[in-house]
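Undergrad: To start, I am sharing the structure in question, which I have written as structure tokens.
The values are calculated or read from the model by the stated rules, or taken from the named source; none is laboratory data. Quick caveat: nothing in here was measured; it's all calculated off a predicted structure. Here the Cβ positions follow ideal geometry from the backbone for every residue, glycine too, while neighbour counts run over all protein chains shown.
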Amino acid sequence: MSKGHEKEKGNLNPDNTRQYDADSFNRLVLENQEKIYSLFRRMVASHDEADDLTQETFIKVYKNLSKFRRESAPFTWIYRIAVNTGINYLRRQKARQYIGLDSANLKSGDDVNHNSELTNRLLQKALKKISPKQQMVIILRSYQGLPFKEVANIMESTENAAKVNFSHALKSLKRVLENMGASYESM
Amino acid sequence: MKACKDYEDLLPLYASGDLSSTDYENVCEHLKECKECRDYQISLAAITAVIEQDSVEISPSYGAELVVALNRRLDRRSAWQKRLLWVVPAFATAMAVVVITIISLIKTEPANNQWIADLNQEYYYLGFTNTGYFGEILVDDNIPNGDVDLSTDDLYRDAVRQIVENPQISDIDSYLLATGNLDDEDFKKMIEQLKYKIL
């Protein structure tokens, strides 16, 4: 692989991570920001929170560049940092008895896509009620569309364990939605 | 709404399209026969469909804004680190100065009977006879003639006066005991006799 191509891909070569310059870091941010922001945006109620978590993730990435051993792709490594940041955040929030979108957020509005927005919000609210790890596996697999092999790499588990975790997560989500009185006909 | 125990864990993966071909065929066969699992499957499919349709809107400028915000934070961090580069050594130096000052202040406090030690380092010292504790004051033979104006008698008196007048004399003088092989009691007796004899 030519040097130019490596640079273009924003590769993190373990031999030169110490000299990893600002331009390369910025490129790395630009290449991954959308996926990382989307991950957090599914998880939290506001843009500001998602933005804070995205920034926190990339600051950790920057601080740990020298520790990156290239045992996985940079994308997987960044995702792993994001997932851990997200899980820790959700645990802290749960400890503070935080409940995401409350019913006041579900008031009817003049939005044309009112029904689908309501469903999405209901789903988001239900998502917050399952465990942080289960939330993550649903976000990674269903919202982000990552294959289970990648989900397993990010969550540092086997592919089989990731599938089992996903299966349990989806069942939990279904149970929570039913407890919230969701009807599948409206979906 | 409940699914059959054997299929409960497979149905979510069926809904997301993640089953192996063998499991997929088994589930399809089962769904034809089992209404409960079919209903369960419909609800899971409805959930995954909503999830898959949902998209996050990101402002086109978000990436650039994020890069700016991150660089600003990293610059602030590196400014702090640079500041720490001189703040830490400066603080350490200041602390070292304080510690050295305190130590030197403590050291300038007159040590117990330090002046007796000083006597020995100057021109006269306390000597002791072989017969016991009774001490006599001797002039250092190594002092070149002419360096000291005082006569030997004056030196004796001066030295003994210093011993007697110093209130710390009653304390055990480790220096004197070490050099003179006197214990505390012997030392006190010696001083009393010196007082009587000289003054």
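Undergrad: So, B:V50, is that one more than 9 Å from chain A (Cβ to nearest Cβ), closer than 26 Å to A:I36 by Cβ, free of Cβ contacts under 8 Å to residues at least 60 places away in the same chain and not basic (K, R) or not?
TA: no
Undergrad: A follow-up question, please. For the list (1) hydrophobic (A, V, I, L, M, F, W, C); (2) within 11 Å of chain A (Cβ to nearest Cβ); (3) farther than 17 Å from A:H168 by Cα, I need the number of the one condition that B:A79 fails.
TA: (2)
Undergrad: Any residue at all in the stretch B:24-47 that's closer than 15 Å to A:L170 by Cα, within 7 Å of chain A (Cβ to nearest Cβ), assigned to a loop (DSSP other than H, G, I, E, B) and of a type outside the set (V, I, T)?
TA: Within the stretch B:24-47, none of the residues are closer than 15 Å to A:L170 by Cα, within 7 Å of chain A (Cβ to nearest Cβ), assigned to a loop (DSSP other than H, G, I, E, B) and of a type outside the set (V, I, T).
Undergrad: Sticking with this structure for a sec: When the residues of the stretch B:1-23 are narrowed to those that are assigned to a loop (DSSP other than H, G, I, E, B), hydrophobic (A, V, I, L, M, F, W, C) and within 11 Å of another protein chain (Cβ to nearest Cβ), which ends up surrounded by the fewest Cβ atoms within 10 Å (Cβ to Cβ)?
TA: B:M1
Undergrad: Counting just the residues of the stretch B:53-67 that are more than 7 Å from chain A (Cβ to nearest Cβ) and not in a helix (DSSP H, G or I), which one comes out farthest from B:L10 (Cα to Cα)?
TA: Start the filter on the stretch B:53-67 by keeping residues that are more than 7 Å from chain A (Cβ to nearest Cβ), which leaves B:53, B:55, B:57, B:59-61, B:64-65.
Still in the list and also not in a helix (DSSP H, G or I): B:55, B:57, B:59-61.
On the way: B:S55: 26, B:E57: 32, B:S59: 38, B:P60: 39, B:S61: 42 Å.
This residue is B:S61.
Undergrad: Which pairs have Cβ atoms under 7 Å, sit 6 or more apart or on different chains, and link a residue in the stretch B:1-14 that is within 9 Å of B:Q41 (Cα to Cα) to one that is modelled with pLDDT of 85 or more and of a type in the set (D, E, K, R)?
TA: What qualifies is B:A3/B:E36; B:P12/A:K171.
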